[in-house]
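Below is one structure, written out as structure tokens; the observations come after it.
The values are calculated or read from the model by the stated rules, or taken from the named source; none is laboratory data. Since we're looking at a predicted model, the values are computed, not measured. No Cβ is skipped: glycine too gets one built from the backbone with ideal geometry, and neighbour counts run over all protein chains shown.
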Amino acid sequence: MIDVLKFKLVIKDVLSKTKTPPSKAEDMTQECYLALIEKQDLIEAARNPEGYAAQVCRNRVYEVWRKETDSRSDDPTNLRFSSLSDLGVYHKVLKIACPEKQVTDEELYRAISKLPLDEYRAIYGIFVEGKTRQALAEELGFGITKLGNQVKRGIDKLKKHFEV
């Protein structure tokens, strides 16, 4: 059993880098501790336990963030996939992600929501919100090349997810 309290500074650093609001810092800290306890065997076996702990914590913060944004329907910044109800957008995503297989809205939603945050935001911004790559890259603070790589990786993961 590892002492998760030794990762207090790692958690604080992750919360700072993810721009967690002070009002949610306590809850997110507890979520990070729970995630570290769940992954304690992997953390002990890691070459860089602090780096792996930071990754585990960052993933938990993004997971909680996604659940919160999906549950707030009245929030204008809510990252929902309501735009996938537009058949043009829906078919465009399907054509790129899985050209040979018919996929339901729910399956596509689940697959996209499981992507890492940067890939999720890139796919969402381009295919759901319809933003240009240049505008989205500026908004996310990425270079156009990094955004392209995020989109490509996201699409590759979606294709792999829907392979038979």
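Points to keep in mind about this one:
- On inspection, residue 63 does not qualify as assigned to a helix (DSSP H, G or I), under 22 Å from residue 159 (Cβ atoms) and modelled with pLDDT of 60 or more.
- Segment 127-144, residues that are surrounded by 18 or more Cβ atoms within 10 Å (Cβ to Cβ) and at pLDDT below 85: 127, 128
- Per-region count, segment 12-54, residues surrounded by 15 or more Cβ atoms within 10 Å (Cβ to Cβ), part of a helix (DSSP H, G or I) and under 18 Å from the mean Cα position of the chain (by Cα): 9
Conditions (1) outside any helix (DSSP H, G or I); (2) in contact (Cβ under 8 Å) with a residue 24 or more places away in the chain; (3) over 21 Å from residue 65 (Cα atoms); (4) not assigned by TED's automatic domain parsing to the domain that holds residue 63, marked per residue:
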{"position": "115", "(1), (2), (3), (4)": "yes, yes, no, yes"}
{"position": "120", "(1), (2), (3), (4)": "no, yes, no, yes"}
{"position": "126", "(1), (2), (3), (4)": "no, yes, no, yes"}
{"position": "130", "(1), (2), (3), (4)": "yes, yes, yes, yes"}
{"position": "136", "(1), (2), (3), (4)": "no, no, no, yes"}
{"position": "139", "(1), (2), (3), (4)": "no, no, no, yes"}
{"position": "153", "(1), (2), (3), (4)": "no, yes, yes, yes"}
{"position": "156", "(1), (2), (3), (4)": "no, no, yes, yes"}
